[in-house]
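First up is the structure itself, then whatever we jot down about it.
Values quoted throughout were computed directly from the atomic coordinates according to the rules given, and no laboratory measurement underlies them. Owing to the predicted nature of the structure, the values given are computational and were not obtained by experimental measurement. Because the Cβ atoms are built from the backbone with ideal geometry, glycine has one as well, and the counts that use them run over all protein chains shown.
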Amino acid sequence: MASAPTIVLLGPPGSGKGTQAERLGELGYVTLSTGDLLRAAREDDTDLGRHASEYMDRGELVPDELIDAMLGEELAGLDGDKVLLDGFPRTVEQANALGGLLDDRGRELDDVVLLEVPDDVVADRIGNRSQGRADDDPETVRERLRVYHRQTEPLVEYYDERGLLRRVDGEGDPDAVQDRIRSALDGS
Ligand code: ADP
């Protein structure tokens, strides 16, 4: 029997991964958002949360080994569920680790949806949202974008080479973006 689907949402900060992940919940996907998990850990003042905080506030990535361990634990509780990963992997090292983590759970990666949104648009969107996130000030947003291009964008080629990449235009109305994502998943 084929294992339950596993998909990744890839895209720059402010590309709408969180919004789109929530809507994909209607199709039965359980979302694992590393950003949300880290913010919850910080809120709970756990060792992980305290350690991650300093990186998050600078707009830098939290070290791979912490993230990989956190993801492994979360995945272990989701056998049989459709899983959507939001914000992971973010480095080639994490992508390699994900292969092993999925293998441990008898899973395979089915699709990687890339939300394509230009830098000036994401910077505007983050500037306009008012969730009061500590890392949403303009200088930290610029750093998060630099980090995306340097450390995360290599994953576009990584997954394209493996035949898993589905490019989706992330600009415009969120409902229209959701429709594009669903067609990309259907057509895969
Ligand atoms: P965004 O996509 O808008 O940057 P996230 O909520 O996904 O927001 O991430 C916020 C911060 O959490 C990141 O800037 C980083 O410090 C940390 N983080 C989230 N996911 C990862 C990850 N996979 N690896 C390392 N750090 C991460």
Worksheet item: Given the structure, is residue 64 more than 11 Å from the ligand (Cβ to nearest atom) and charged (D, E, K, R)?
Response: no
Item to complete: Find all pairs meeting these conditions: Cβ atoms under 7 angstrom apart; at least six residues apart or on different chains; first residue within region 85-101 and more than 14 Å from residue 75 (Cα to Cα) and within 10 Å of the ligand (Cβ to nearest atom); second residue part of a helix (DSSP H, G or I) and among the acidic types (Asp, Glu).
Response: 91/64; 93/64; 94/64; 94/68
Worksheet entry | Selection within region 26-58 - hydroxyl-bearing (Ser, Thr, Tyr), out of contact with any Pro (no Cβ under 8 Å at 6 or more places or on another chain) and in a helix (DSSP H, G or I) | 34, 53
Discussion item. Please count how many residues of region 63-86 are in a helix (DSSP H, G or I) and either over 16 Å from the mean Cα position of the chain (by Cα) or farther than 16 Å from residue 109 by Cβ (or both).
Written reply: 8
